[in-house]
Every structure is written in structure tokens, then in C-alpha cells.
Amino acid sequence: MKYTVGQYLATRLAQLGLNHVFAVAGDYNLTLLDEMAKVEDLEQVYCCNELNCGFAGEGYARSRVMGASVVTFSVGAFSAFNAVGGAFAENLPLLLISGAPNNNDYGSGHILHHTMGYSDYRYQMDMAKQITCEAVSVAHADEAPCLIDHAIRSALRNRKPAYIEISCNVANQPCTEPGPISSITNSLISDDESLKAAAKACLDALEKAKSPVVIIGGKIRSAGCAVSKKVAELTKKLGCAVATMAQAKGLSPEEEAEYVGTFWGEISSPGVEELVRESDCRIYIGAVFNDYSTVGWTCKLVGENDILISSHHTRVGHKEFSGVYLKDFIPVLTSCVKKNTTSLDQFKAKKIPVKQVPVADGKAPLTTVELCRQIQGAINKDTTIYLETGDSWFHGMHFKLPNGARVESEMQWGHIGWSIPSMFGYAVSEPNRRNIIMVGDGSFQLTAQEVCQMIRRNIPIIIILINNSGYTIEVKIHDGPYNRIKNWDYAGLINVFNAEDGKGLGLKAKNGAELEKAMQTALAHKDGPTLIEVDIDAQDCSPDLVVWGKKVAKANGRAPRKFQT
Ligand SMILES: Cc1ncc(Cn2nnc(CCOP(=O)(O)OP(=O)(O)O)c2C)c(N)n1
Ligand SMILES: [Mg+2]
């Protein structure tokens with residue numbers, strides 16, 4: 001088979017196990033899309049705009065080895081860059097592919113459409129370099145294979161986005177045939193000596209520890225399910241208490257005896273904050289300590305006997321071991337640690353009562369308590385629930401997850417509206433999961449149009465749209481007129497997106513009985529999305545959000561440091 005540059009790129013993606021690539025057409029990428037379409041097992045999935053296209057690729061990367069999004073130069077790429085920034089912040093390998101000017105125009109002095117209006121087009125590469133681990137420009141077919149492989153390999157190794165721009169007149173030019181994909185997928189090997197030394201340092205620390213605990217952070221998400229399974233084997237071997245940070249909700253099997261709940265400072269699950277504070281050896285795995293995860297810097301608990309295991313390095317007390325990759329290190333630790341159940345025994349001894357949530361009066365106005373009780377009832381082992389930025393984060397922490405259920409969130413980047421396009425991309429990869437989104441009205445207004453693509457592809461996603469009349473999470477941080485929004489007929493919007501042939505459902509629920517019915521309808525509706533618009537009083541939000549909002553506002557409001565002049 002004769003390969004062109006576009007076919008080379010598409011073949012690499014197909015060899016990696018991608019069956020879809022997301023795209024928005026533009027005259028800089030049409031020839032490229034034509035060439036990529038010639039590669040059979042890589043279907044093109046079109047999005048409404050490039051922000052959503054980027055987020056769809058990011059969502060796909062949450063399910064597959066990576067995601068890929070194709071956009072046009074400048075006017076497309078600039079919008080997609082926000083999603084690429086999100087993928088970088090969330091450690092997800094998204095490949096952003098942009099059409100680019102005809103290679104004869106470089107250095108020609110030509111002013112081109114869709115550009116900034118001057119003849120140096122390198123600005124896009126310069127911008128891409130700031131938000132990716134690798135950015136390459138393919139302006140000649142001869143260099144294409146090497147540049148494409150390099151960008152993809154970098155994204156996979158670093159678990160970060162990469163960027164490829166391809167001149168519009170090069171995409172259909174002949175190039176060499178791709179070799180074995182192992183040249184791209186072969187992962188970095190840990191430094192053996194550092195691996196052994198790090199393991200020994202951990203064992204010494206654990207030997208001295210009375211009550212070690214494991215705290216799992218969001219960075220293990222991007223290491224993939226295989227690593228999460230290895231972490232679960234380690235925690236089972238250790239036998240100590242295991243907590244997940246908010247960003248890692250769903251990344252540790254919650255039905256296991258060792259699992260004690262969420263560690264999130266003073267809004268942790270009952271008894272967990274004390275357990276972490278009292279521990280004399282905290283083993284953090286993939287932890288991210290930012291202002292949100294530390295509740296405005298009030299709970300960054302890292303002591304000198306603690307162990308910090310990250311994707312490619314480990315710190316034990318005052319010793320640092322780099323070149324120690326999570327995928328290698330966790331199994332080594334599992335093979336040599338001894339059981340220490342002290343922290344779990346301490347936790348169990350507290351006999352923390354399990355909160356029973358009573359069924360609300362079906363005719364009473366719907367509350368978030370009743371809403372979450374009913375969502376809990378829909379969560380099974382095949383469920384993936386997306387928690388959008390907003391009050392949804394805080395409610396989501398209280399869901400009890402059967403093993404196999406997954407939670408996706410974006411708590412580092414926190415781009416409101418992310419959940420709709422990202423879940424679309426995720427569900428294109430995993431249409432048979434029970435895919436549920438918990439999203440606020442404010443967030444939904446940023447990316448709502450991507451629901452039409454869920455309708456177009458008949459994907460049964462359940463969208464719980466919380467209409468609480470505005471930006472509640474912002475209200476609890478700092479209120480003002482800017483937190484009010486224009487109300488929409490969110491359920492009615494589905495008819496707009498359906499047009500003549502769509503099978504989307506738009507339902508409303510003002511009380512528990514209506515929600516019960518709507519949930520049953522949604523779970524039974526298989527040939528399209530169901531949006532359930534739930535009316536919630538603007539004052540009804542998670543008590544955790546109220547506490548967290550005050551602390552974050554305080555952190556935001558710290559007075560400027562006084563500099564010696
Ligand atoms: C792209 C982007 N723009 C602005 C923000 C700031 N922000 N964070 N949360 C919000 C409000 C979210 O409101 P909703 O989705 O309605 O959520 P809740 O009312 O809290 O359930 C804003 C405006 C943001 N996080 N992302
Ligand atoms: Mg809201």
C-alpha cells in the first residue's frame with residue numbers, strides 16, 4: 001500500500017487502538033481528513049465546535065490509550081487550545097492535529113485567511129509549545145513519519161497532550177510506510193538501582209511506622225486502569241486504611257475492606273481527616289496538592305516520614321528517587337511490604353454510623369439530598385459518572401461506588417462545560433457503559449450543543465441537569481450579580497437538537513416522584529441521550545461546598561505580601 005502523510009498519521013492512531021478521531025472541518029484540514037478517512041478502522045466523529053472537539057478527544061483519552069482531535073488552523077486551534085490546556089492539567093494524552101498553511105506560503109510574505117493577518121505563521125506552534133509536551137510542524141512529507149512518531153511517543157510517555165500541524169498541501173503527499181507500533185509504545189524502563197533503593201527506603205519507613213495510611217490522588221487516573229489495579233493489589237497487601245483524594249474518586253475499589261472514604265481536609269468522609277492527621281506515615285500515590293484539593297491550603301498534610309509516589313519519581317522522607325515509574329514501582333513494593341492494619345483497625349474502632357438517606361415525600365419540592373439518593377440507586381458496576389465543576393463535585397464524593405464503577409472529573413483545570421463534550425468522547429469509546437453526567441445549569445450553557453452529537457450517534461447518555469438558577473459554587477466562594485444566569489428550557493432544548501429525526505429525550509422533574517419516573521425512563525431509553533432537568537432551590541447545595549467555599553475565598557483573598565522597597 002502506498003502511504004500519504006495523512007494515511008501515515010491515521011494508521012499510527014489505528015495501530016494504537018483508536019477507532020475514532022474527532023474533527024471539525026476547515027479548509028486547512030480537508031485534504032488531511034480525506035487522507036485519514038482512507039484508513040478503514042479510524043472513524044471520523046464530527047463536533048459542533050473545536051473546544052468541544054478537543055474535550056471529546058480528552059474524554060476519549062480517559063478510556064483509550066490516547067485521544068485525537070483534528071481542527072483547522074488558528075480559528076479552530078485557538079478554541080481547541082483550551083481543551084488541550086485541560087488535558088495537560090489532567091495528564092491526559094490528547095493529540096491535537098491542526099491543518100496548516102500551504103508550505104509554499106512560508107517565507108512568501110503572503111497574508112493568509114484565518115491567520116493573524118501577518119505573514120509569519122509560527123505563532124500557533126509557539127502557543128502549542130506552552131500547553132503540550134511536544135509540538136511539531138510537518139511542512140515536508142519526507143520528515144512526516146519521524147515527526148509524527150516523535151509527537152505521539154512523547155504524548156504517551158509523558159501522559160500529556162502533543163501537537164502536530166500539517167501543511168494543507170503536504171497531507172496527501174506520498175511518504176514511507178509505518179513500521180512496528182512498538183517503536184512508539186515501548187515505555188521507559190525504571191532505573192533499576194533507583195527502584196531498589198526507593199523500595200528499601202519505603203520498607204525502612206514502614207518498618208518504623210505504627211499506623212501507615214494510603215492516600216490515592218488524581219494523577220494515577222492517567223496512568224491507566226492497569227496501574228490502578230496494581231495500586232489496589234498493593235493496598236490489599238498492606239492492609240492499612242486507604243482513602244482517595246477528591247480528584248481520585250473512583251480510582252480505588254470502594255467495596256474493599258481497606259477503603260475508608262474521601263480525604264479532603266475538613267470536608268473529608270467522617271473520621272478520615274483525623275485518621276490521616278494521626279498517621280505517622282502517609283503513603284501518597286499520585287497526589288496533587290493544589291488550593292482546591294487542600295481546601296484553601298488548610299489540609300496539606302505532608303510530614304517528614306511520609307512517602308510521596310508520583311508517576312516517575314518517589315520521595316521517602318528526605319530522600320528523592322527519580323526514574324522510578326509508577327507502573328514498575330508499585331509491583332516491587334507489593335512484593336516486599338508487610339501487612340500493617342493498625343490504621344484500619346483504628347478507623348473501624350470508631351464505629352462510624354453509615355448515614356441512611358430517607359426517601360423524600362414524592363410530592364415535596366426536589367432537594368439535592370433526594371436527587372443524590374436517586375442517582376445513587378442508578379449507579380452499578382458498569383456506571384461511569386461524570387462530575388462537572390460545581391456543586392456536583394461535592395455531592396459526587398458521597399456516592400458509594402460498586403467495584404467497576406468509575407467517576408471522571410476535571411478538578412485541576414475545572415473548565416465548566418467540560419463534562420458534556422468529554423463524556424461524548426468517552427461514550428463514543430464506551431457506548432455500553434451506563435454513562436451519567438451530573439452537570440449544573442451554568443456549566444451546561446457553555447457546551448450544550450454537543451448533546452446534538454450524542455443524538456446523532458444515538459448514544460444513551462443520562463444528563464442530570466441541575467437547574468439551581470445560577471453559579472452556586474461561585475456564590476459560595478464569593479457572590480455577586482455575575483453569578484445569576486438567564487434561565488433556559490433545558491429539557492425543551494432536546495427537541496431543538498432532535499429536529500426531524502433525533503431520539504433524544506428531554507424530561508423535567510420538580511419532585512421525587514417525577515424524578516423517579518424520569519430516571520426509569522432514562523435507564524430504559526437506549527437509542528439516544530436523556531436530559532433530566534431537575535429544579536433545585538438556589539439555596540440548596542452541599543454543606544461541604546459551603547465550608548470549602550469559605551476557605552477557598554479566604555485563600556483567594558490573602559493580602560499581597562509586603563516587599564522590602
Ligand atoms: C471556562 C470557565 N469559566 C468560568 C469558570 C468559573 N466558574 N466555575 N464554576 C462556575 C459556575 C458553575 O455553575 P453551575 O454549573 O450551575 O454549577 P452549580 O450551580 O454550582 O451546581 C463558574 C462560572 C470556570 N470554572 N470555567
Ligand atoms: Mg447552577
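The values are calculated or read from the model by the stated rules, or taken from the named source; none is laboratory data. Worth saying up front: this structure is predicted, and the values here are computed from it rather than measured. A quick note on method: Cβ atoms are made from the backbone with ideal geometry, for glycine too, and the neighbour counts reach across all protein chains shown.
Every residue, every condition in (1) surrounded by fewer than 20 Cβ atoms within 10 Å (Cβ to Cβ); (2) over 28 Å from Met423 (Cα atoms), yes or no:
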| residue | (1), (2) |
| --- | --- |
| Gly109 | yes, yes |
| Asp120 | yes, yes |
| Ile148 | no, no |
| Ala171 | no, yes |
| Cys175 | no, yes |
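Of the residues Met423, Met438, Met397, which is at pLDDT 95 or above and more than 21 Å from Lys503 (Cα to Cα)? Break it down into steps so the answer makes sense when it comes.
Details: Met423 fails: more than 21 Å from Lys503 (Cα to Cα); Met438 fails: more than 21 Å from Lys503 (Cα to Cα).
So the residue among Met423, Met438, Met397 that is at pLDDT 95 or above and more than 21 Å from Lys503 (Cα to Cα) is Met397.
So that you can scan it fast, the table gives a plain yes or no per residue for (1) part of a loop (DSSP other than H, G, I, E, B); (2) within 26 Å of the chain's Cα centre (by Cα); (3) hydrophobic (A, V, I, L, M, F, W, C):
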position: Glu58; (1), (2), (3): no, yes, no
position: Phe81; (1), (2), (3): no, yes, yes
position: Leu92; (1), (2), (3): yes, yes, yes
position: Asp105; (1), (2), (3): yes, no, no
position: Leu112; (1), (2), (3): yes, no, yes
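If a residue must be surrounded by 14 or more Cβ atoms within 10 Å (Cβ to Cβ) and without any contact (Cβ under 8 Å) to a residue 12 or more places away in the chain, how many such residues does region 486-513 contain?
Residues meeting the conditions: 1.
Just checking, which of Ala241, Ala257, Ala232 is modelled with pLDDT of 95 or more and surrounded by 24 or more Cβ atoms within 10 Å (Cβ to Cβ)?
Numbers: Ala257 fails: surrounded by 24 or more Cβ atoms within 10 Å (Cβ to Cβ); Ala232 fails: surrounded by 24 or more Cβ atoms within 10 Å (Cβ to Cβ).
The match here is Ala241.
Restricting to region 376-396, name every residue that is of a type outside the set (Lys, Arg) and away from ligand 2 (no atom under 16 Å from the Cβ).
Gln376, Gly377, Ala378, Ile379, Asn380, Asp382, Thr383, Thr384, Ile385
Any chance you could count how many residues in region 441-470 are within 16 Å of ligand 2 (Cβ to nearest atom), outside any helix (DSSP H, G or I) and more than 20 Å from Arg406 (Cα to Cα)?
The number of residues fulfilling the criteria is 5.
Please work out if Ala427 is away from ligand 1 (no atom under 15 Å from the Cβ) and surrounded by fewer than 23 Cβ atoms within 10 Å (Cβ to Cβ).
In short, no.
Which residues, counting only those in region 460-485, are surrounded by fewer than 22 Cβ atoms within 10 Å (Cβ to Cβ), touching a residue at least 12 places away in the same chain (Cβ under 8 Å) and more than 9 Å from ligand 1 (Cβ to nearest atom)?
The answer is His478, Arg484.
On the given criteria, is Ala205 in a helix (DSSP H, G or I), surrounded by 15 or more Cβ atoms within 10 Å (Cβ to Cβ) and hydrophobic (A, V, I, L, M, F, W, C)?
So Ala205 passes the test.
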